[in-house]
Amino acid sequence: MKIISIANQKGGCGKTTTAINLASSLSLNGKKVLLFDLDPQAHASLGLNIDGQNSIYNVISRLTQRKLKLEEIIQRVENNFDIIPSNILVGTLEQELADEIGRELKLTEVMSSLKNQYDYMLIDCPPSLGILTVNAIRASDALIIPVETSRFSMQGVDHLMDVVHLIKDRLNHDVHCRILITMFDSRLRHSFAMLSTMKQRFSDILLDTIIHVNVKLKESAVVGKTVNFYDKYCRGSKDYYSLAKELICLEKKTAPADAPAVEKDKKEERKAQPQFTNLSSRMQELVINESRNLFKMKRFVLKAPQASSVYITGSFNDWALDENYRLQDNGGVWEIDIPLKPGLYKYQFVVDGVWREDPVNTQKERNSFGDINSLVEVEHE
């Protein structure tokens, strides 16, 4: 199970929008997700039309007259997507826990009962650096910091990173921090200038996915739905689906628990390979050549001199953002050779987090998101 806090003490950066729609997109990728609304403003609960009468306050507080267990306040949002609601009383936990011993571990303690029931737990933190945010970061494996392209947001990142370092030093707990660019307006030069600055300052922790300005994200919150169910064809829906894919790929790379599964895959791969034990050397050579002929190397090229990273994703890799499909920069011309079996494949390039069709490929089709997939056909010899 992966626990991710979504935090930024600066308001208006898309924090709650990210929490809601990332949870929905992870669930659409087959993951079971629980969203903790830890913000006393309860925007995540309100944005999903969830009743917050019983909240995390009733679980953590010792003063409440209606003490509840965490399992009793979980509400279903969508298939594989549940939420722990919030209300204004959650804000009083800051004062209630102020003088309590072990106050930084309260959320960790109550979450332990659900440890094996979900693939992901997301925490929508309050827009402050108080005890609730410290609790959330202490309980998490990773931290996503939504940042709009402005100078004030960059300053907010520095303050939040100070808290992360303090938690590491004082509580001996380290979290993996990632910065997510949100509310990106591609019509403004200022947006690209700030994006370039952020890439220089935070290159090691900057996510490739970029969340663009999209009115459907605001409209979906007004009607109490996630953007995937409000308008699955809009830009916002595709951006958050891409973010979910990127996080799943990052987890596969870093999670030690994946090692047995990888080893199992390798064993299955070895079983599937041709066995040459009782074959003559000539016969071995023929079988090897036949095996090689199953695949054909296909080169993909994109001219993007201003790009800092380019991936290719498509039906040949289940639309995953994988380092194995990252293109190599050759003076502004990005290239990659991919072994493909004969067949028809759909694909797109992902340039600095932005999905693009292949501009030189005339074979295209419109996909379910309303944009264009490029097509490539690998023929038999």
query: Can you pull out the helices (runs of 4 or more DSSP H) entirely within region 141-249 that have at least 2 residues that are in contact with a strand residue (DSSP E or B) (Cβ under 7 Å, 6 or more places away or on another chain)?
result: 151-171, 189-201
- prompt: Looking at region 150-182, which of its residues are in contact with a helix residue (DSSP H, G or I) (Cβ under 7 Å, 6 or more places away or on another chain) and without any contact (Cβ under 8 Å) to a residue 12 or more places away in the chain?
  reply: 174
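Okay, residues lined up against (1) farther than 26 Å from residue 35 by Cβ; (2) among the small types (Gly, Ala, Ser); (3) not assigned by TED's automatic domain parsing to the domain that holds residue 243:
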{"site": "131", "(1), (2), (3)": "no, no, no"}
{"site": "142", "(1), (2), (3)": "no, yes, no"}
{"site": "148", "(1), (2), (3)": "no, no, no"}
{"site": "174", "(1), (2), (3)": "no, no, no"}
{"site": "203", "(1), (2), (3)": "yes, yes, no"}
message: I need the strands (runs of 3 or more DSSP E) fully contained in region 1-110, keeping only those with at least 1 residues that are in contact with a Lys or Arg (Cβ under 6 Å, 6 or more places away or on another chain) and in the same structural domain as residue 145 (by TED's automatic domain parsing).
response: 2-6, 81-84
task: List the number of the failed condition for residue 15; all other conditions in (1) more than 23 Å from residue 207 (Cα to Cα); (2) touching a His at 6+ places or on another chain (Cβ under 9 Å); (3) not small (Gly, Ala, Ser) hold.
output: (1)
field: Members of region 121-135 that are among the hydroxyl-bearing types (Ser, Thr, Tyr) and either out of contact with any Ser or Thr (no Cβ under 9 Å at 6 or more places or on another chain) or at positive phi (or both)
entry: 128
task: Could you check, for region 273-280, whether at least one of its residues is at pLDDT 55 or above, hydroxyl-bearing (Ser, Thr, Tyr) and either surrounded by fewer than 19 Cβ atoms within 10 Å (Cβ to Cβ) or touching a Phe, Trp or Tyr at 6+ places or on another chain (Cβ under 7 Å) (or both)?
output: no
- prompt: So which residues in region 104-120 are more than 13 Å from residue 139 (Cα to Cα), at pLDDT 85 or above and among the polar types (S, T, N, Q), if there are any at all?
  reply: 117
task: List the strands (runs of 3 or more DSSP E) that sit entirely inside region 321-381 and contain at least 2 residues that are surrounded by 13 or more Cβ atoms within 10 Å (Cβ to Cβ).
output: 333-340, 343-351, 354-356, 372-378
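The values are calculated or read from the model by the stated rules, or taken from the named source; none is laboratory data. Every value quoted in this text rests on a predicted model; they were computed, and no experiment measured them. All Cβ positions, glycine included, derive from the backbone under ideal geometry; neighbour counts span all protein chains shown.
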